[in-house]
Amino acid sequence: MALLPYLEANRLEAGCDEVGRGCLAGPVMAAAVILPQDYSNKWVNDSKQLSKANRANLVDEIKEKAIAWAVAEASVEEIDQINILNASFLAMKRAIVALHTVPEYLLIDGNRWRSDLDIPYSCVIKGDGKYSSIAAASILAKVVRDKFMEELSMEYPYYGWETNAGYPTQRHRAGIEQHGDCIWHRKSFTLLKGQMKLDL
């Protein structure tokens, strides 16, 4: 099923999504994308439904065809200070502010949104599987974040970040158990099952 090109015609809508909320390590990243209303690509979909190769192939096209796009992050320190939900909102706000074209409306993936931006919005549950602009944002954010975690894995090889991107896989947790956590781990998260959250 083709994704919807917009919520309302003739309006600059920015699709917004974040990646990495459920990870044990690394920043949370977000993207905002304004697509032309006649944009169509059958491969643009929720980034989780696409192969790594398909996502990589789509990134350049999205950047080229978009009216505006931006990727931003909230750091591990910010996640630990203000919690992952607020850090996700912060990353999305930074991506929206970084757009060189100011959107007239925001399509936010998820069921809630909070910021001090004076831009009207709609929250769309599973929006990355419904609207092209949100799907494009999810693709950009995931490709950038996965690459970042792959690069970190060369310095921190114990956790399997080159394949799990910081998510709580068996290999990641085994690495924490054997080698301890590192500066990229979110100390406000329960890093090992059955363990109390680490003191900040």
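Among the residues of segment 151-161, is any without any contact (Cβ under 8 Å) to a residue 12 or more places away in the chain and within 23 Å of residue 85 (Cβ to Cβ)? First the steps, then the outcome.
Our first condition is that a residue be without any contact (Cβ under 8 Å) to a residue 12 or more places away in the chain; within segment 151-161, this holds for 151, 153-155, 157.
The next check asks that each one be within 23 Å of residue 85 (Cβ to Cβ); those that pass are none.
No - not one qualifying residue is present in segment 151-161.
Please tell me if residue 67 is closer than 24 Å to residue 45 by Cβ, without any contact (Cβ under 8 Å) to a residue 60 or more places away in the chain and touching a Ser or Thr at 6+ places or on another chain (Cβ under 9 Å).
Working: closer than 24 Å to residue 45 by Cβ: yes; without any contact (Cβ under 8 Å) to a residue 60 or more places away in the chain: yes; touching a Ser or Thr at 6+ places or on another chain (Cβ under 9 Å): yes.
Judged against the criteria, residue 67 is a match.
Is there a residue being out of contact with any helix residue (DSSP H, G or I) (no Cβ under 9 Å at 6 or more places or on another chain), crowded, with 16+ Cβ neighbours inside 10 Å, without any contact (Cβ under 8 Å) to a residue 40 or more places away in the chain and more than 15 Å from residue 128 (Cα to Cα) anywhere in segment 34-48?
yes
For every residue, the table says whether it meets (1) among the charged types (D, E, K, R); (2) within 18 Å of the chain's Cα centre (by Cα); (3) more than 18 Å from residue 14 (Cβ to Cβ); (4) part of a helix (DSSP H, G or I).
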{"site": "42", "(1), (2), (3), (4)": "yes, no, yes, no"}
{"site": "55", "(1), (2), (3), (4)": "yes, yes, yes, yes"}
{"site": "64", "(1), (2), (3), (4)": "yes, no, no, yes"}
{"site": "69", "(1), (2), (3), (4)": "no, yes, no, no"}
{"site": "73", "(1), (2), (3), (4)": "yes, yes, no, no"}
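For segment 103-149, which residues satisfy the criterion of being part of a strand (DSSP E or B) and either out of contact with any Pro (no Cβ under 6 Å at 6 or more places or on another chain) or crowded, with 18+ Cβ neighbours inside 10 Å (or both)?
If we filter segment 103-149 for residues that are part of a strand (DSSP E or B), which is where we start, we get 105-109, 121-124, 131.
Hits for segment 103-149 are 106, 107, 108, 109, 121, 122, 123, 124, 131.
Does residue 72 satisfy being surrounded by 16 or more Cβ atoms within 10 Å (Cβ to Cβ) and touching a Lys or Arg at 6+ places or on another chain (Cβ under 7 Å)? Spell out the reasoning first.
Working: surrounded by 16 or more Cβ atoms within 10 Å (Cβ to Cβ): yes; touching a Lys or Arg at 6+ places or on another chain (Cβ under 7 Å): yes.
Yes: the conditions hold for residue 72.
FYI, it's all coordinate maths here, none of it is from the lab. What you are looking at is a predicted structure, and each value in this text was computed from that prediction instead of being measured. When we count neighbours, we look across all protein chains shown, and the Cβ atoms used for this are built from the backbone with ideal geometry, even at glycine.
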